[in-house]
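Visitor: Please see the structure below; I have some questions.
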Amino acid sequence: MINNAQYKILVVDDNKTILQMISKCLCEEGYAVNTQIDPGNALEQLNENRPDLILSDIEMPEMDGYQFYEEIQNR
């Protein structure tokens, strides 16, 4: 059996309700989940803590998911 707690997932979405629902589902499966409402804050966090998986909304007001992806690729 795989220990999901060893896997870190970052979820980025500007909708708090969606963040809570996704986080709850992943935590129940044993994953270590971190959530961010702001993609800029998520990028800063990546300098200190690299997740194994990033789930991101596409339509966000400050920086959309495509821009967020490009920023990650440029790091």
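Visitor: Across the stretch 37-56, what is the total count of residues that are farther than 19 Å from Gln6 by Cα and open to solvent by less than 40 Å² (accessible area, probe 1.4 Å)?
Guide: Going through the stretch 37-56 one residue at a time, the tally reaches 4.
Visitor: If I go through the stretch 44-66 residue by residue, how many of them are more than 10 Å from Leu10 (Cα to Cα) and either under 10 Å from the mean Cα position of the chain (by Cα) or in contact (Cβ under 8 Å) with a residue 60 or more places away in the chain (or both)?
Guide: The number of residues fulfilling the criteria is 1.
Visitor: Could I ask something else about it? Mind checking which residues of the stretch 45-59 are at pLDDT 95 or above and among the hydrophobic types (A, V, I, L, M, F, W, C)?
Guide: Listed by number, the residues that qualify are Leu53, Ile54, Leu55, Ile58.
Visitor: What is the residue count in the stretch 1-17 for residues that are over 12 Å from the mean Cα position of the chain (by Cα) and either farther than 25 Å from Arg75 by Cα or of a type in the set (Asp, Glu) (or both)?
Guide: Step one: list which residues in the stretch 1-17 are over 12 Å from the mean Cα position of the chain (by Cα), which gives 1-7, 15-17.
Now narrow it down to the ones that are either farther than 25 Å from Arg75 by Cα or of a type in the set (Asp, Glu) (or both): 1-5, 15-17.
Selection size over the stretch 1-17: 8.
Visitor: Would you tally the residues in the stretch 16-36 being open to solvent by 60 Å² or more (accessible area, probe 1.4 Å) and either in a helix (DSSP H, G or I) or closer than 22 Å to Glu71 by Cβ (or both)?
Guide: Kept after step one, since they are open to solvent by 60 Å² or more (accessible area, probe 1.4 Å), are these residues of the stretch 16-36: 16-18, 20-21, 24-25, 27-29, 31.
Then keep just the ones that are either in a helix (DSSP H, G or I) or closer than 22 Å to Glu71 by Cβ (or both); that gives 16-18, 20-21, 24-25, 27-28.
The total comes to 9.
Visitor: Among the residues of the stretch 57-75, count how many are aromatic (Phe, Trp, Tyr) and either in a loop (DSSP other than H, G, I, E, B) or open to solvent by less than 70 Å² (accessible area, probe 1.4 Å) (or both). I'd like the intermediate steps shown before the answer.
Guide: If we filter the stretch 57-75 for residues that are aromatic (Phe, Trp, Tyr), which is where we start, we get 66, 68-69.
Still in the list and also either in a loop (DSSP other than H, G, I, E, B) or open to solvent by less than 70 Å² (accessible area, probe 1.4 Å) (or both): 68.
Qualifying residue count, the stretch 57-75: 1.
The values are calculated or read from the model by the stated rules, or taken from the named source; none is laboratory data. These figures come from a predicted structure and were not determined experimentally. Cβ atoms come from the backbone with ideal geometry, glycine included; neighbour counts cover every protein chain shown. All accessible areas refer to the heavy atoms of the entire protein, side chains included, with ligands and DNA or RNA removed. Shrake-Rupley method; radii C 1.70, N 1.55, O 1.52, S 1.80 Å.
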